[in-house]
1. Quick one: Karplus J couplings for the range 208-215, per residue in order, coefficients 6.51, -1.76, 1.60, θ = phi - 60°, nearest Hz, x for Gly and Pro?
2. Starting from one equal scatterer on each C-alpha and no solvent at all, send me the Debye-based log10 I(q)/I(0) for the chain at q = 0.05, 0.07 Å⁻¹, two decimals.
3. Compute the long axis of helix 517-547 from its Cα atoms, compare it with the longest principal axis of the Cα atoms of the chain, and write down the angle in degrees, 0 to 90, nearest 10.
4. So if I place +1 on the C-beta of Lys and Arg and -1 on the C-beta of Asp and Glu, and nothing else carries charge, what would the dipole magnitude of the range 460-619 be about its Cα centre? I want it in debye, nearest 20.
5. What angle do you read, to the nearest 10 degrees and between 0 and 90, between the alpha-carbon axis of helix 555-584 and the longest principal axis of the chain?
6. Over all distinct Cα pairs, what is the inverse of the mean 1/r for the range 358-502, reported as the Kirkwood hydrodynamic radius in Å?
7. So, with a 1.4 angstrom probe, what is the percent of accessible area on the chain that is carbon and sulfur?
8. Going by Cα centres, the range 379-455 and the range 205-275 are how many Å apart?
Amino acid sequence: MKRGIMSSNLFLFPILFSFAFLSSPVLSASDLILAKVDRRIDLTSQIVRITTSLKVQNTGSDVVSEILLSFPENQTSNLAYLKAALGEGKGKAKPSSGVGLPVEVVHLKDVPPALTIYSVSLPKGLGKGDILTLDVLAVFTHSLQPFPEKINQADIQLLLFQESARYLSPYAVKVQSLTVKLPDARIESYTKLGNAKLQGSELKYGPYENLPPFSYLPIVVHFENNQPFAVAKELVREIEISHWGNIQITEHYSIIHAGAQSKGEFSRLDYQTRQFLRGASAFRRLVAKLPPRAHSVYYRDEIGNISTSSLWGDSKKTELEIEPRYPMFGGWKTAFTIGYGLPLRDFLFGSDGKRFLNISFGAPISELVIDTLFVKVVLPEGSKDISVSVPFPVKQSQETKLSHLDIVGRPVVVLEKNNVVPEHNEHFQVYYKFNSLSMLREPLMLISGFLFLFVACIVYTHADISISKSSASYLAKLQWDEVQATIQQVHGIIGRCLTAHDKLEASLHDLSRTGDTQACKATRKSVDSSLKELSKELKQPLAILQSSPQAAQILPKVEELVTKERELQDKLLVKHSTIVDAYEKKAGREIENRIASQQQKITALRREIDDLMDLIDEI
């Protein structure tokens, strides 16, 4: 069943190319031939790297200035990096360290839409009979298909890779060979052609001789690969320059395991006891290779600092080993932030009156695929005449960032690129002009701020900033303060009156207990004297309130309070006289009936007085 699915997926490839290529005489009628082609495909990680060594010969009479490379549509959509350089002429496929030649997409007449043609411009025309070696490196992402697509925790990860055993080229090929490098000697299956050989972890096809243009022979390799399939769906890399000697780099990662999706439940016990058997497809750590003099390194996420990391380095390199909070199985996601500082003098230089930053473009994490990368270079405030030099195409824009002690904000150069691989980790340059005197802006702002603060404190302590005693607001404030004091005085007098009332009530309780009318009369005489004195004291504050316009709002409540208190006083005195007379006439049994109505009125008056006093307190 599995082999049938693989075969049906690939059956369309020969049909797809046969008619299109045979009907393209413009491409096939070329004076160039490929005398020898050596291809090497590296499948040891999630990134597919195809290194091709082309020995090109001009058999025509005209000078040729470009060489065409062709890729099928399914590969072009995943092509992340393409580099062509002149080789050493040994005919062995290996990554070239030479200077890359200009490469661009060309649209030729009668080219089928399922084929993309790239043109490599030669630095010197290739004359009749001349031969050169061209090394081509093509890097692809998302080209390895998990098969099966979902696996359990204990399963290994198996992948499918589809290619052509013959080199797809618009030129005729005399001799061609293919080597596929696998991560392990274990392989589930592969397309077995007559000259296919499996030697250890390398699968070899060929050599093939005398191939016509656009030869295509599909092959499929089904193999085990448990390497980390870490893909950053988005990475925001911010590089902030400070001319005071530091470059601060902050990287925000949003990572997913893009391999075979995990199904079923996750067992922490099985994973801890047998990690390499019960979690072979998961990755536990990533390694970030930082510049050699990186300092102040941190690693955190939304929760806080993550302590499961280690840092070591020497004079040549600094490595940060990152371990997420949990193992990453297929389809699982995580987000974290890495930050570190770099010495300014190692990356900022001067040339022709300009300063320029020379720093690497991509992420420091090994073998990381980035779907979308944003590189933001934050320049010092006041920078102008900004220009950028990047060795590959990127989207470029500018924005402004406001930070501490900024006035107009700092210019930010934003570089955006999709489908980024480690090969993009090349140096780029940001040029700008900056006046050195602008560095004094922030210190002068701080000095000026503190100076202003000290002067303000001196002025405040020595200046008379009180309100004028002749102003209307000051006089109104004095009047209102007088009203408040008077109300407090009235409040206190009424409180003392209520205390005298309580003393009169207490004498009646003692009378009911002891029957001593003489003691009760003595208390009555003392209370009468106190109430008369309080009544005299109350006249002056009432007169002040009645004459003050500020008391117009509260005066009715105060007058009502005084009236209620006097009414309560009268009721209590009548009650007291009634009870004492009853005790003197030996008629104590009739007392309750005679004072019942009076007691109800006394209780209601006391409640109203309490409410009025609370209301006056609120006002």
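The values are calculated or read from the model by the stated rules, or taken from the named source; none is laboratory data. None of the values given here were measured: they were computed from a predicted structure. Every residue, glycine as well, gets a Cβ built from its backbone with ideal geometry; the counts of neighbours run over all protein chains shown. Just the protein is used for accessible areas: all its heavy atoms, side chains included, with ligands, DNA and RNA removed. Shrake-Rupley method; radii C 1.70, N 1.55, O 1.52, S 1.80 Å.
1. Once rounded to whole Hz, the list reads 10, 10, 6, 8, x, x, 6, 6.
2. -0.50, -0.65
3. 60
4. Details: 23 positive and 25 negative charges, 131 e Å.
Once rounded to the nearest 20, the dipole reads 640 debye.
5. Helix 555-584 and the main axis of the chain meet at about 50 degrees.
6. Values: mean 1/r = 0.0446 Å⁻¹.
Result for the range 358-502, one decimal place: 22.4 Å.
7. 53
8. If you average the Cα positions of each part, the centres end up 32 Å apart.
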